[in-house]
Amino acid sequence: MARIIVTGGDSGIGRAAAVSLAQHGHQVAITYRSDTQGANDAAEQAQRNGGTPLVVRQLDLAEPDRISAVLDELIGEMGGLDVLVNNAGAMQQAPVLEHSLDDWRKIIDVDLTGCFLAAQHAARHMVDAGGGHIINVTSVHEHIPLPGAVAYCAAKAGMGLVSKVMALELGGHGVRVNTVAPGEVATPMTDQHEADPTEQQRGAVPLGRPAHAEEIAATIVALVGPGSDYMTGSSVVVDGGLSLIPAAQNT
C-alpha cells in the first residue's frame, strides 16, 4: 500500500484518480483549492465504493508559502510519502495578442511554479526516505501547441522538462519522475461534464470523443503499480490520438 498525495483532488482527473487509488487499497490524501464540497464528496465516494478513507486539506498552489506546510502536514499524518500525483492546475484562454499579464501570471504561478514547488518539496522527503515516485499531470499540450492557450502551453511544456530534469537528478536517489499528458477530457475545467462528443470533436480526435476522467485515472493507477518501476523521465500521452492529427493533415 502506497502513501499518496493527489493535488486538485476535488474534481475531474484528480478526483477520479484519488477515488480509484483509494479503491486499490492505497492511503490517499487530497488537496483542493476552493471546492470544499467537491473534496468532501470525493472522500465520501471513495469510502462508498469500498476504498480507504481520504485525508482532505485546502491548498492553493498560487500561494507558494503554504505548499510546504500543507504537504508536511499530510506527510506527517500519513507517516510518509511514496507518491505525489501533482494534478492541480488552471487554464485561461485568450489569443496571444490579447493575453493579459495578470492572466499569464495566474497560469504560470499555478501550473508551473506551484507544481514545481510541490514536486520539489515532495522530492526532498522522498530523497530522505530513500525513494518515491512523482507523477506530474501535464497535458498533450506539453508536446503540441494549442492556439489561444499560450500560458497554459508554456506551463505544461515547462513541467514536462522540469520532470525530465528531476528524473535525471533524482534517479540515483531512487526517486522516479514521470508525466501523464491527457488530451481533451470531460471535466469541469473544460466545461464538459460528460464525454459525449460534439461534431467538432468527432473530427478532431481519432477516437471521436473526449476522455472520461476515469480513463486518465486508470493510467495514473497503473503508474503507481509495480509495473512502472523502470520508468522515469517518460511522458505517457493519453489523448485518443489527438496528437496524431497534425501528422495526418500533412499526408
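The values are calculated or read from the model by the stated rules, or taken from the named source; none is laboratory data. This structure is a prediction, so every number in the text was calculated from the model and none was measured. Don't worry about glycine lacking a Cβ; one is built from the backbone with ideal geometry, like all the others, and counts go over all protein chains shown. Surface accessibility is based on the protein's heavy atoms, side chains included, excluding ligands, DNA and RNA. Shrake-Rupley method; radii C 1.70, N 1.55, O 1.52, S 1.80 Å.
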The answer for the net charge of residues other than residue 31 whose Cβ lies under 12 angstrom from its Cβ, with Lys and Arg +1 and Asp and Glu -1, is -1
Which percent of the accessible heavy-atom area of the chain goes to carbon and sulfur, probe 1.4 angstrom? 53 percent
Quick one: length gained pulling residue 230 to residue 58 fully straight, 0.36 nm per residue minus the C-alpha distance? 58.6 nm
Would you mind computing the Rg to Rh ratio of the stretch 34-181 from its alpha-carbon coordinates, Kirkwood style for Rh? 1.00
Per residue solvent-accessible surface (Å²) - the stretch 17-135, probe of 1.4 Å: 46 Å²
Stretchable slack from residue 98 to residue 40, in nm (0.36 nm times residue separation minus alpha-carbon distance): 17.1 nm
Please report the net charge: other residues with Cβ closer than 11 Å to the Cβ of residue 181, K and R +1, D and E -1. -1
Give the label of the value calculated from the structure for volume of the Cα convex hull per residue in Å³, choosing from (i) 179; (ii) 128; (iii) 153. (ii)
GNM result for the chain, Cα springs below 10 Å: residue of 55, 180, 83 fluctuating most strongly: 55
Just to be sure I understand: with springs between alpha-carbon atoms less than 10 Å apart, which residue in 15, 105, 176 has the highest mean-square fluctuation in the Gaussian network model of the chain? 105
Can you give the percent of C-alpha pairs in the stretch 21-81 whose distance is more than 14 Å? 57 percent
Integer Hz, Karplus 6.51/-1.76/1.60 couplings in order for the stretch 35-46, x for Gly and Pro: 8, 4, 5, x, 5, 5, 5, 4, 4, 5, 4, 4
Crossing angle, helix 64-78 versus the chain [Cα axis fit, 0-90 degrees, rounded to tens]: 50 degrees
